1. Once neighbouring chains are kept in place and the probe is 1.4 Å, which whole percent of the accessible area of the range 1-77 is contributed by carbon and sulfur?
2. Using only Cα atoms, locate the centre of the range 105-129 and the centre of the range 37-79, then give the distance between them in Å, rounded to an integer.
3. Please turn the phi angles of the range 107-116 into ³J(HN,Hα) values with the Karplus equation 6.51 cos²θ - 1.76 cosθ + 1.60 (θ = phi - 60°), one per residue in order, whole Hz, x for glycine and proline.
4. How much FRET efficiency would the formula 1/(1 + (r/R0)^6) give for Ser128 and Thr15, where r is the Cβ-Cβ distance and R0 is 25 Å, rounded to 0.05?
5. Of Ser25, Ser104, Ser48, which has the largest mean-square fluctuation in a 10 Å C-alpha GNM of the chain?
6. Give me the accessible area per residue for the chain, probe 1.4 Å, as a whole number in Å².
7. Remind me, what semi-axes does the range 35-77 give for its equivalent ellipsoid, largest first in whole Å, using sqrt of 5 times each Cα gyration tensor eigenvalue?
8. If I take the Cα coordinates of the chain and project them onto the principal axes, what are the three extents in Å, biggest first?
Amino acid sequence: CTSLSSVNIPSGVTTINESTFNGCSGLTSVTIPNSVTYLGVGAFVYCSKLTSIEVPSGVTYIGASAFQNCSGLTSITINATTPPTLGNTNALTSTNNCPIYVPSGSVNAYKAATNWSTYATRIQAIPSS
């Protein structure tokens, strides 16, 4: 899938399975619908041209290495007020040390949550528009 540049996942999809977009190095944008609740292990690993990712509020689980080695990221936005379960501390490694934006009332919860605490220095409130 190295020539795949964008993906608009249809509404109604609830799961992005393990390694679904693994190695899609040409992927620059992805739209994840609000219906998604589960991001599998390595779902977007090695998608090095992704510049931003927005995880909908209904996601309750982000698998190990889900976004690992997405080195082009400039921001990650997680819209869930309760921190989703993070499969391990590798889920967001090698993501260009970009900010991880979360709802403003949830910043401290994310910084304290299991595996999220690894990224505490990167976690900040979603900027107001």
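The values are calculated or read from the model by the stated rules, or taken from the named source; none is laboratory data. Small disclaimer: the values here were computed from a predicted structure and weren't measured. So basically every Cβ, Gly included, is an ideal-geometry build from the backbone, and we count neighbours across all protein chains shown. Please note that ligands, DNA and RNA were not included when accessible areas were found on the heavy atoms of the full protein model with its side chains. Shrake-Rupley method; radii C 1.70, N 1.55, O 1.52, S 1.80 Å.
1. Working: 1550 of 3340 Å².
Taking all protein chains in place, the range 1-77 shows 47 percent carbon and sulfur surface.
2. 15 Å
3. 3, 5, 5, 5, 4, 9, 5, 3, 6, 5
4. Details: r = 32 Å, r/R0 = 1.27.
E between Ser128 and Thr15, to the nearest 0.05, is 0.20.
5. Answer for the Gaussian network model of the chain: Ser104.
6. Values: 5910 Å² over 129 residues.
Per-residue accessible area for the chain comes out at 46 Å².
7. Details: eigenvalues 62, 31, 8 Å².
Listed largest to smallest, the semi-axes of the range 35-77 are 18, 12, 6 Å.
8. Cα spread of the chain along its principal axes, largest to smallest: 39, 30, 30 Å.
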